[in-house]
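Input: a single structure, listed below in structure tokens.
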Amino acid sequence: MVAVAALLTGTGLTAAPGAAPRMAHGHGYPADRIADEPTRRFTLTAATATVRVSGRDVAAWAFNGQVPGPELTATVGDVVQVTLRNQDIGRGVTLHWHGYDVPNGQDGVPGVTQAAVLPGEEFDYRFRADQAGTYWYHTHSVSDVGVRMGLYGVLVVRPGPVTGLDVTVPVHTLAGLALPAPRTEPVAAGTPVRMRLINTDSTTHRYALAGTAFRVAAIDGSDLRGPTSLVDTAVLIPAGGRYDLVFEAPATPVALLVDGRAVFSTGPVSTATGGWPVLDPLRYGAAAAAPWSRYDRTFTLVLDRGLDLRGLLPRYAHTVNGAAAPDIPSQVVHRNEVVRFRIVNRSQVVHPWHLHGHHVLVLSRDGEPATGSPLWLDSFDVRPGEVWVVAFRADNPGVWANHCHNLAHADAGMTLHLMYS
Ligand code: C2O
Ligand code: CU
């Protein structure tokens, strides 16, 4: 409880300036682990490695020697157990299930839900696969460096057996080189195709699917309601975000371009996609009534840049309400409250916002209500000058990181916590 008080005030026991909020000792983390026997088991070993990208040898931090790490797949109903081992990553590793609303003790935030796993140590994660969709995992220990160096991978939970072609496209920049390597795979006309687009970088990417009409079936793991057919339209995926595009393979080739680079195709396609309009997800699909008519609590987060004078040396930080981590007060909610966040970007750069443990429903952007399908997001870009209002039910008790997913920003102050009291 002492540690909780420290988080609550944002100061207290935190020793080093700039350090993540810590529990008082290396124990006392909530277990929150389900007792059921696992039906899917994986082992991920983090280690320094040399990987080959576009014909070059690149120094990386890898899970099981590969970047991205192995793709973890499960079917709804599985109990997933992942053993994380750290071979030689001196700064420690954890696994965070980005977009997967696991119990707090499995969330992988060092100093908050567990201690970082140091070289020679291991940690077992266990959770129930009850949300179908496209997710990813990554280390949350010195996450800016760790993710950039390659400690990430895909997590896909399917509702049942795969029908047709189901491809994952986790985009990443490793040592300045673009992943994944381009791939061509012919597909029979009429085959149902699902492309799971994942942005594991810290900045927005633009994706364009050329040669076919398609629908956006899901965003951030949640199915959209009434998605309509799109053609010659690009999508912008924020850092950490996922879009599932679906279509029936036409007789002619199809290509997926990321920032103009073909990463997946079914044959040669030559289309200029740079001038395509960009989909606005707030106006796409069929609306439904909001699940709540009143809100118990509203928090405002003003994102800005500013001088942080609290450490030994002043530093230029990314701030929330004028403060930088670890000095941003936690937001405290009670279980089952319906909570609203008003996120105001007063800075000159995009902040991809990411709350752990919950999906938020987008209510409005710049005062204009979202009019499309209900959008349940875990990662969304708040652009300079924008104001987003989102809401969620506080139904997953614990202490949850709430931060910018430009991980350099998160490390430079833009991290706070949501707590249940
Ligand atoms: Cu994808 Cu707190 O992170
Ligand atoms: Cu940011």
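The values are calculated or read from the model by the stated rules, or taken from the named source; none is laboratory data. This structure is a prediction, so every number in the text was calculated from the model and none was measured. Counting neighbours? That spans all protein chains shown, and the Cβs are built from the backbone with ideal geometry, glycine included. Please note that ligands, DNA and RNA were not included when accessible areas were found on the heavy atoms of the full protein model with its side chains. Shrake-Rupley method; radii C 1.70, N 1.55, O 1.52, S 1.80 Å.
In plain terms, the chain from residue 342 to residue 64 could stretch by 96.0 nm, reckoned as 0.36 nm per residue minus the Cα-Cα distance. Length gained on full extension, residue 36 to residue 165: 43.2 nm, using 0.36 nm per residue less the C-alpha separation. Taking amide H as placed 1.01 Å from N in the peptide plane, the amide H of residue 191 sits under 5 Å from that of 249, each at least 5 places away or on another chain. Taking the Cα centre of the chain as origin and assigning +1 to Lys and Arg Cβ atoms and -1 to Asp and Glu Cβ atoms, the resulting dipole is close to 320 debye. With only the Cα atoms considered, segment 294-407 has a convex hull volume of 104 Å³ per residue. With the highest mean first, a sort of the peptides 223-229, 36-42 on other beta-carbon atoms found within 10 angstrom per residue produces 223-229, 36-42. Rg and Dmax of segment 165-279, based on Cα coordinates, read 13.1, 40 Å. Near the amide H of residue 299, under 5 Å away, which other amide H atoms are found, from residues 5 or more places off or on another chain, if H is placed in the peptide plane? Amide H neighbours of residue 299, under 5 Å, 5+ apart: 340, 341, 342. Projected over all directions and averaged, the alpha-carbon convex hull of segment 214-342 occupies 12.2 nm².
Taking all Cα pairs closer than 8 Å and separated by 6 or more residues, the relative contact order of segment 147-212 comes to 37 percent.
For residue 241, the amide hydrogen comes within under 5 Å of the amide hydrogens of 199, counting only partners 5 or more places away or on other chains and with H modelled in the peptide plane.
Across q = 0.18, 0.19 Å⁻¹, segment 24-127 modelled as identical point scatterers on its alpha-carbon atoms has Debye log10 I(q)/I(0) values of -0.92, -1.00, in the order of the q list. Under the simplified labelling scheme, the residue 261-residue 57 pair shows an inter-label distance of 2.2 nm, with each label point 7 Å from Cα along Cα→Cβ.
Karplus-derived 3J(HN,Hα) values for segment 251-256, using 6.51 cos²θ - 1.76 cosθ + 1.60 with θ = phi - 60°, are 6, 9, x, 10, 9, 9 Hz; glycine and proline are entered as x. Relative protection proxy for 264-277, 53-66, from highest mean packing down: 53-66, 264-277 (other beta-carbon atoms within 10 angstrom). Of the accessible area of the chain, computed with a 1.4 Å probe over protein heavy atoms only, carbon and sulfur atoms account for 54 percent. Note on residue 252 and residue 297: the extension gain reaches 11.0 nm, defined as 0.36 nm multiplied by sequence separation minus the Cα-Cα distance.
Magnitude of the charge dipole for segment 209-303, about its Cα centre and with charges confined to Cβ atoms of Lys, Arg (+1) and Asp, Glu (-1), is about 200 debye.
Accessible surface computed residue by residue for the chain, with neighbouring protein chains in place and a 1.4 Å probe, gives 40 Å² per residue. Per residue of segment 160-175, what does 6.51 cos²θ - 1.76 cosθ + 1.60 with θ = phi - 60° give for ³J(HN,Hα)? Whole Hz please, x for Gly and Pro, Karplus curve as stated. Using θ = phi - 60°, the values come out as x, x, 5, 10, x, 9, 10, 10, 10, 10, x, 8, 8, 10, 10, 6 Hz.
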